[in-house]
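The values are calculated or read from the model by the stated rules, or taken from the named source; none is laboratory data. Keep in mind that what you see is a predicted model, and the values were worked out from it rather than measured. Methodologically, a virtual Cβ is constructed for each residue, glycine included, from the backbone with ideal geometry; neighbour enumeration extends over all protein chains shown. Surface areas here come from the heavy atoms of the whole protein model, side chains and all, with no ligands, DNA or RNA. Shrake-Rupley method; radii C 1.70, N 1.55, O 1.52, S 1.80 Å.
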Amino acid sequence: MAKIGGHSYAKGLTTVCREARCPNQGECFNEGTATFMILGDRCTRNCAFCAVRHGVPDLPDAEEPRVVAQAVVALGLKHAVVTSVTRDDLPDGGARHFADTIRAIRSAAEGTGIEVLIPDFQGSDEALRVVIDAAPDVINHNLETVPRLYPQLRKGADYRRSLGLLRRVKELAPAMVTKSGIMVGAGEYPEEILLLIRDLVIARCSALTIGQYLQPSESHHPVERYVTPEEFQELTELAKAEGIRHVVGGPLVRSSYRAGETVDLLRNDARR
């Protein structure tokens, strides 16, 4: 049973707000935003920075898209973020389930903004097209960290594959808002962050979140350093100066933080 802003839902509905131990749950719930994690709560990968459980997941629940849509309506959400564990066991990586959930929310809650935070689908162009065709407002895929740290932090992932996914979204749907997120304090160097930001600009990424890496447990990758608020401000200004249209940075920022505000700002920007 998942609890969202004091409301409880059965049938295995899960929020990444709880599973990933996000520090901003109360603020987001009060702003009418929640992040739902579909396709179960067990990931087929085992990233060294992530608190979500890993192992052999259950088969997708065909009722889940409808249940998520019902929760969006019941909570009166202004903005719904839908993410998932990585499902390398599924032929399409879960893309069809994402699309079904997007369409269910759109049908039940017209006017609610929809952001999807998707896995890399192992680079499948066909799977990515399935999600794009469902027409969410935002497609988010987190790079998480700099290329050098992928072997340590993101085993099973590939920096160029993730960057290519963001680039491909803009090639297939030029008007789509794309977004990514990174952690700092995990051992990266300043010049590596700059090169990552420039990669995102080349990929025409619309928005970026930058947050402090926090070690979920003693068995996870250690924190190398705590980045100061002043440094976060500098990184935010740097990313904007390099060409990212909307950037949110801070010690407790996570990829879904102020998600609705990001969409509203980008929509207004597009109208100008």
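Taking first residues from the stretch 47-61 that are hydrophobic (A, V, I, L, M, F, W, C) and partners that are open to solvent by 70 Å² or more (accessible area, probe 1.4 Å), the Cβ contacts under 6 Å between residues at least 6 apart in sequence or on separate chains come to A51/R21.
Consider the stretch 40-82 and keep the residues that are loosely packed, with under 15 Cβ neighbours inside 10 Å and at positive phi. The one that is modelled with the lowest pLDDT is G55.
Right, H221: surrounded by 15 or more Cβ atoms within 10 Å (Cβ to Cβ) and within 20 Å of A51 (Cβ to Cβ) or not? Yes, satisfied.
Just name the residue that is most open to solvent (accessible area, probe 1.4 Å) out of those in the stretch 100-118 that are farther than 21 Å from V253 by Cβ and of a type outside the set (A, V, I, L, M). Step by step, filter the stretch 100-118, then rank; the result is E110.
Only strands (runs of 3 or more DSSP E) wholly contained in the stretch 131-220 count here; list those with 2 or more residues that are closer than 18 Å to E234 by Cα and within 18 Å of the chain's Cα centre (by Cα).
Details: elements: 138-140, 177-184, 207-212.
Qualifying strands (runs of 3 or more DSSP E): 177-184, 207-212.
Restricting attention to the stretch 166-196, and to residues there that are of a type outside the set (S, T, Y) and open to solvent by less than 10 Å² (accessible area, probe 1.4 Å), which single residue is nearest to V116 (Cα to Cα)? Out of the qualifying residues, it is K179. Can you tell me how many residues within the stretch 225-251 are open to solvent by 60 Å² or more (accessible area, probe 1.4 Å), in a loop (DSSP other than H, G, I, E, B) and modelled with pLDDT of 95 or more? The qualifying residues number 2. With respect to the conditions (1) open to solvent by less than 10 Å² (accessible area, probe 1.4 Å); (2) of a type in the set (S, T, N, Q); (3) at pLDDT 95 or above, S206 falls short on a single one, namely (3).
Restricting attention to the stretch 119-130, the residues that are free of Cβ contacts under 8 Å to residues at least 40 places away in the same chain and either surrounded by 23 or more Cβ atoms within 10 Å (Cβ to Cβ) or outside any loop (DSSP other than H, G, I, E, B) (or both) total 5. Of all residues being of a type outside the set (S, T, Y) and free of Cβ contacts under 8 Å to residues at least 40 places away in the same chain in the stretch 141-165, which is surrounded by the most Cβ atoms within 10 Å (Cβ to Cβ)? Just the residue, please. Step by step, filter the stretch 141-165, then rank; the result is H141.
Determine which member of the set A95, A34 is open to solvent by less than 20 Å² (accessible area, probe 1.4 Å) and at pLDDT below 90.
On the way: A95 fails: at pLDDT below 90.
Residue meeting the stated conditions: A34.
Listed by first and then second residue, the pairs with beta-carbon distance under 7 Å, at least 6 apart or on different chains, first residue in the stretch 170-188 and free of Cβ contacts under 8 Å to residues at least 12 places away in the same chain, second outside any loop (DSSP other than H, G, I, E, B) and open to solvent by 20 Å² or more (accessible area, probe 1.4 Å), form an empty list.
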